[in-house]
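Here's the structure, in structure tokens; my notes come after.
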Amino acid sequence: MATSTTQLPSNGSRLTLAEALACANDTRALHVGPGVLRLVPEVFRTHFPGARAIIVADPRTFALAGQTVAAALAAAHIETLPPFIFTDPALYAEFKYVEQLEAALRLHDAIAIAVGSGTINDLTKLVTHRTGRPSYLCVGTAASMDGYTAFGASITFEGAKQTFNCPAPRAVVADTDILCQAPTAMTASGYADLFAKVPAGADWILADAIGAEPIDPRAWAIVQGGLRDALADPAGARAGKASALMPLVEGLMLGGFAMQWTKTSRPASGAEHQFSHLWDMEHHTHQGAAPSHGFKVGIATLAVTAFYEALLRQPLEQLDVEAAVARWPDAAAIRRTTETLFTGDEFLATAVRETQAKHVTPAELRTQLTRLRAGWPELRRRLQTQLIPFADARARLRAVGAPTDPREIGIPLERLRRTFIRAQFIRRRFTVLDLALRAGVTEACLDEIFGPRGPWAPAHP
């Protein structure tokens, strides 16, 4: 039996930036390269003719690029209001900052120019949408995440990390001269976020194979086509070499275009992002601050890769489907389990809602597992081709300067093991966590990862 309903392009089927940009529903222009900051006035006037501008930044990004943008706009005789500068040193993509920016932008009709990286961009993106503006212009200051061109903004609201649907920017300018000056930790964070597309792709292959969610071939080609090339030089990215940063930032932008095309984060996000979102929802901090999104996702990418390697050693072609169906809990039992697992958590309602949304009946489970068993030899081969081995992944993340041990971001191994269980409950998206649970092999895989020969055991530093 076939393991997939979708004919995929190979990872070598790379789209050009122009081809990928043509797939974007919101973004109409992308300028990446040295010295492109000077193009901001021209780009703004082209896409927002006759409009006034307002720069949104924080003190660091305003000093890094905002002042130059303001001077260029003035020289081009584009009316610009005084900038909105977030001054809180604890600035985060949290809804209270959405409210602050929204209150300011409702006083006028100027088009925002977001100068910054993830937090500034997501706040500006959501506020632009909430205030009814046609769009905004983004000036990226670090190759730190894939959200610049993503459809939707990731904001913490009511204790839970949530993705608010809102359009991506009309245009993005990413000057590599500026990106090269970004702190190395931000570049490492972006590299780790891009690396996450590898296991995210594997999750989509699984979802497609069992009939849970078909792969969109165009979105797949946008994200996966040039992914290996974009990840090829982690040491160069760490050193701030333009030759390494160009493909890295392009890869991050491509992820956003794919999300615009599908209007979901599925092309670029899988179980590894569920780990990160869970830690956000648990308000995890390390040494007094929340680790960056990329660092959390990087550790989660290693964890999920290790889980995949354990799963691929399972003889699922011999799976006892009827036994798995017999032990499958009904929706009421799943709800009780969820309520017990998340007692006292402020996001309990989210966990219940998301878990109920993806619960399958025994008949549906039987169909899925029968397909899995029949197609496992070929599916295993495809997953092995998609994944980058754990040892190689860890070496690359080390080379770029990202953490590779969960304890480096304040996650003890005992908590990491719990995360494998809890993360499955917080999003309805089908991932390897769901497949293992439905096949009844979760604990066997976790015992291998956290056993004496596991990747973070003392003998495997």
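Every number in this text was worked out from the coordinates using simple rules, so none of it is lab data. Bear in mind the structure is a predicted one, so any value in this text is a computation, not a measurement. Please note: Cβ atoms are built from the backbone with ideal geometry, for glycine as well, and neighbour counts cover all protein chains shown.
Relative contact order for the range 17-183: what is it in percent, counting Cα pairs under 8 Å that are at least 6 residues apart? Here the relative contact order equals 29 percent. Normalising by residue count, the range 228-288 has a Cα convex hull of 125 Å³ per residue. A P(r) calculated from all alpha carbon pairs of the range 67-210, with 10 Å bins opening at zero, reads 11, 36, 36, 13, 4, 1 percent. Just so you know, the averaged projected area of the alpha carbon convex hull for the range 330-461 sits at 9.8 nm².
Our note on the geometry: Cα centres of the range 348-427 and the range 281-331, 3 Å apart.
Among the chymotrypsin sites (Phe, Trp or Tyr not before Pro) within the range 302-401, not one is in coil by DSSP while having at most 15 neighbouring Cβ atoms inside 10 Å. Across the cross-link table entries 96/358; 96/197; 197/241; 125/161; 241/296, which are compared at the Cα atoms, the separations over 27 Å belong to 96/358; 96/197. For residue 88 and residue 51, a Förster radius of 22 Å and the Cβ-Cβ distance give a FRET efficiency of 0.20, rounded to the nearest 0.05. Segment residue 96..residue 287, full-extension length gain: 66.4 nm, with 0.36 nm per residue of separation and the alpha-carbon distance subtracted. At q = 0.14 Å⁻¹ the log10 of I(q)/I(0) for the range 248-347 amounts to -0.89, computed by Debye summation with a single uniform scatterer per C-alpha, solvent ignored.
Straightening the chain between residue 428 and residue 346 buys 27.7 nm, computed as 0.36 nm per residue apart minus the Cα-Cα spacing.
All C-alpha pair distances within the chain, sorted into 10 Å bins from zero, spread as 4, 21, 31, 25, 13, 5, 1, 0 percent across the bins.
Each label point was placed 7 Å from the Cα along the Cα-to-Cβ direction; for residue 81 and residue 421 their separation is 5.1 nm.
Of the trypsin sites (Lys or Arg not before Pro) found in the range 111-170, no site is in coil according to DSSP while having at most 16 other Cβ atoms within 10 Å of its Cβ. Placing unit charges on the Cβ atoms of the charged side chains and taking the dipole of the range 17-183 about its Cα centre, the candidate lying farthest along the positive direction among 183, 75, 23 is 75.
Exposure proxy ranking for 87, 301, based on other Cβ atoms within 10 angstrom of each Cβ and starting from the fewest, stands as 87, 301. Sequentially through the range 372-385, phi angles give Karplus couplings (6.51, -1.76, 1.60; θ = phi - 60°) of 4, 4, 5, x, 4, x, 6, 5, 4, 4, 5, 5, 4, 5 Hz, Gly and Pro residues having no value and appearing as x. Normalised by the number of residues in the chain, the mean separation of alpha-carbon contacts (under 8 Å, six or more apart) gives a relative contact order of 18 percent.
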